[in-house]
Amino acid sequence: LPLTALLLVVTFGGLALHRQAMRTLVGQRDERAIKAAAHALTDQLNQRVDEIHMLASGVSGNASPEELSTLLKKDAFLLTGFDHGLAFFAPNGQILASDGNMEGWKNLEELQREPGWKNLLNPEVPAHLYFSDSENEMNLMFVAAPVTATGPIAIGAFSPQALILHTLENIFDSGEGGSAFVVTRNRQLLFSTSALVDNTNLTTHPGVEAAIQGQSGSTFMQTGNSEHVVAYSPVAPLGWALVIEEPWASVASPL
């Protein structure tokens, strides 16, 4: 009996210690993964700004619409990063040339109602990203770069959801019941791999507010009968929050 009791104490004590160690390791692993994903997203966004700046720098200030159209066709390889198209605009909002599958270019009235659209068409503003958090959000992101101080302006459009999905698919595996989502600085859900995440519980979800405030880390939350690890990190250029959540025991169960 004493030996059996000792064996049980050692066995279950070892399981408890192993469980705690695995819990900590999964949290650290997810924290490293979320930082890598946020850094990759930041790099992708900055790369698109650089590409539009490069496109604008190859244009003369007095280029005709035909020359602008020819340049867009020459640089069609940029459409891999701008899945909704590229265009040149005059500062007054007139479209000079466009390329790619961008139906939005044809709906300028809706575009011009966007609060930041005038800033996009300001030739004195350097290359920058623009994403609307308004209720009439088009779910598109724009990058603008002026050719000269008087125009025209090169603008590219792409889907942030497609960019996030492409970035996360090689970093995060949602096959174990996990989920990843991105929240805008206005606390609106931009992207999610799970239908269980929606705008109703974002403000109280662990990690969201911390990431929007520029912090990164990991924590744990009780969900039903399981405990989930939550890792979070900011996406610097736009103040987004990137969060991943998964039941840690399914990843590394000591039993």
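The values are calculated or read from the model by the stated rules, or taken from the named source; none is laboratory data. Given the structure is predicted, the values throughout are model-derived calculations rather than measurements. Positions of Cβ are generated from backbone atoms using ideal geometry, with glycine treated the same way; all protein chains shown enter the neighbour counts. For the accessible areas, the whole protein counts, side chains as well, though only heavy atoms, and no ligand, DNA or RNA atoms are used. Shrake-Rupley method; radii C 1.70, N 1.55, O 1.52, S 1.80 Å.
Some notes on this structure:
- The peptide list 6-13, 202-209, 48-55, put in order of mean Cβ contacts within 10 Å with the highest first, becomes 48-55, 202-209, 6-13.
- Neighbourhood charge, 13 Å Cβ-Cβ cut-off, centred on Lys73 and excluding it, Lys, Arg +1 and Asp, Glu -1: -3
- At R0 = 51 Å, FRET efficiency that the Cβ-Cβ distance of Gln213 and Thr4 yields, to 0.05: 0.45
- Solvent-accessible area of Lys74, all protein chains in place: 150 Å² (probe radius 1.4 Å, heavy atoms, ligands and nucleic acids excluded).
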